[in-house]
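Structure, as structure tokens:
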Ligand SMILES: Nc1ncnc2c1ncn2[C@@H]1O[C@H](COP(=O)(O)OP(=O)(O)O)[C@@H](O)[C@H]1O
Ligand SMILES: [Mg+2]
């Protein structure tokens with residue numbers, strides 16, 4: 001069996017790693033992949049993650065299943081073109097990926113189906129946005145409608161800041177077309193949780209709850225990044241809260257998408273704020289989160305090939321899923337100057353030593369240069385380890401991480417500590 005993974009980050013390395021342990025012994029192809037995926041399967045160069053380019057690679061290698069990692073190819077309809085050409089795909093259609101690709105679409109879906117979320121208004125022009133702002137107390141949240149690689153949300157603490165953000169987004173077009181329309185919404189207070197499920201549109205397999213760490217510096221200070229680390233821990237959500245989220249959020253979402261003519265299949269990420277009044281949805285992503293994927297796939301006990309095939313074939317009801325006990329922690333090692341323009345081309349040392357401590361080092365922005373592994377992007381590596389308890393998992397991940405070195409490396413020293421209050 002041949003499986004093609006589309007993407008090149010830590011999430012895709014984690015998917016490749018978990019697939020490689022399958023009893024089916026699949027042949028794994030990654031387009032374009034990184035230095036980590038090259039040690040598991042075969043990296044395939046690809047000009048762009050466009051529908052035609054991905055379909056051409058899938059055809060050339062006659063693959064049996066395609067798994068798509070990042071959001072852009074999902075929103076651009078790579079899954080649709082692959083299916084039209086007869087390939088089995090684990091990923092949502094472009095119509096279903098609107099749940100991530102348009103914040104207005106997802107807020108309207110939540111409104112229509114009664115899913116708990118922040119109170120909001122949609123503005124199509126700057127004039128309208130400035131008027132809508134009068135109806136919201138500060139802090140207030142502004143969200144560009146389209147994909148913005150994590151740069152589309154502004155939390156404004158004064159009306160002045162909010163007005164400036166409106167003008168930046170809607171008049172100066174700081175994010176291009178993504179910010180032509182905006183969602184303005186109520187600021188929610190609480191603890192954030194990443195809740196991910198795998199679905200074939202009907203059956204739902206919930207993953208253990210996880211938390212991401214978006215800010216570049218300790219204590220959630222500094223600018224936001226793609227994610228500086230994550231941990232998974234069943235204690236983040238009580239079983240009752242998890243059941244409530246499945247009933248009040250996940251089920252209505254899937255029914256709403258189906259009713260919209262866009263049934264959702266694949267990984268669905270639900271970003272939640274657990275407020276004093278209960279869980280509220282912040283956003284949906286049409287994929288596995290990154291770095292959440294690293295911790296969740298390490299925590300998965302079942303065969304990922306079985307799960308992916310069943311989901312893609314809409315037979316998820318037939319599979320049993322089991323999880324390893326205990327939390328898992330992933331510490332991201334980022335390049336100098338990230339989340340600004342990263343310093344790349346630095347030689348990375350200590351990966352083997354880190355893995356000899358029992359951790360797995362998932363690669364993100366890495367490449368091979370001669371006999372060296374070098375950095376090629378902002379997020380470079382994710383050192384991932386599990387433990388019987390959260391303190392043990394944190395200790396194991398940091399013990400392994402201590403071996404990693406490259407020039408200008410940035411790493412938070414508090415990944416997972418938010419969860420210690422539950423232990
Ligand atoms: N209504 C809100 N209240 C408080 N914080 C919010 C709200 N919406 C978003 N945020 C914060 O902003 C971050 C980014 O928002 P999100 O909707 O996840 O968009 P994206 O991931 O596309 O940037 C969230 O992770 C959360 O920390
Ligand atoms: Mg988000």
Legend entry - Residue match in the range 247-261 (condition: within 16 Å of ligand 1 (Cβ to nearest atom), in a strand (DSSP E or B), at negative phi and surrounded by 19 or more Cβ atoms within 10 Å (Cβ to Cβ)): no
Inset, instruction - Give the number of residues within the range 75-99 that are surrounded by fewer than 22 Cβ atoms within 10 Å (Cβ to Cβ) and touching a strand residue (DSSP E or B) at 6+ places or on another chain (Cβ under 8 Å). - result: 3
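Taking the conditions exactly as written (away from ligand 1 (no atom under 16 Å from the Cβ), more than 19 Å from residue 210 (Cβ to Cβ) and buried (at least 19 other Cβ atoms within 10 Å of the Cβ)), does residue 266 satisfy them or not?
Answer is no for this residue.
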Inset, instruction - Would you mind telling me which numbered condition in (1) surrounded by fewer than 21 Cβ atoms within 10 Å (Cβ to Cβ); (2) away from ligand 2 (no atom under 16 Å from the Cβ); (3) farther than 22 Å from residue 19 by Cβ residue 315 fails? - result: (3)
Inset, instruction - Give just the number: which of (1) crowded, with 20+ Cβ neighbours inside 10 Å; (2) at positive phi does residue 68 not satisfy? - result: (2)
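Among the residues that make up the range 285-293, is at least one of them in a strand (DSSP E or B), within 16 Å of ligand 2 (Cβ to nearest atom) and surrounded by fewer than 24 Cβ atoms within 10 Å (Cβ to Cβ)?
yes
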Inset, instruction - Would you mind listing the strands (runs of 3 or more DSSP E) fully within the range 99-158 where at least 3 residues are within 16 Å of residue 272 (Cα to Cα) and near ligand 1 (Cβ under 9 Å from one of its atoms)? - result: none
Legend entry - Enumeration of residues in the range 1-12 that are crowded, with 24+ Cβ neighbours inside 10 Å and under 15 Å from residue 44 (Cβ atoms): 3, 4, 5, 6, 7, 8, 12
Legend entry - Selection count, the range 280-305, where residues are more than 18 Å from residue 75 (Cα to Cα) and either more than 13 Å from the chain's Cα centre (by Cα) or within 14 Å of ligand 1 (Cβ to nearest atom) (or both): 13
Legend entry - Candidates 218, 277, filtered to the one that is within 16 Å of ligand 1 (Cβ to nearest atom), out of contact with any strand residue (DSSP E or B) (no Cβ under 8 Å at 6 or more places or on another chain), outside the structural domain of residue 153 (by TED's automatic domain parsing) and modelled with pLDDT of 95 or more: 277
Inset, instruction - Quick one: which residue in 197, 205 is more than 16 Å from ligand 1 (Cβ to nearest atom), surrounded by 21 or more Cβ atoms within 10 Å (Cβ to Cβ) and modelled with pLDDT of 95 or more? - result: 197
Inset, instruction - Give me a count of the residues in the range 37-73 that are touching a strand residue (DSSP E or B) at 6+ places or on another chain (Cβ under 8 Å) and in a loop (DSSP other than H, G, I, E, B). - result: 12
Inset, instruction - State yes or no: is residue 338 crowded, with 18+ Cβ neighbours inside 10 Å, farther than 27 Å from residue 28 by Cβ and more than 19 Å from the chain's Cα centre (by Cα)? - result: no
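The values are calculated or read from the model by the stated rules, or taken from the named source; none is laboratory data. What you see is a predicted model; the values in this text were computed from it and never measured. A quick note on method: Cβ atoms are made from the backbone with ideal geometry, for glycine too, and the neighbour counts reach across all protein chains shown.
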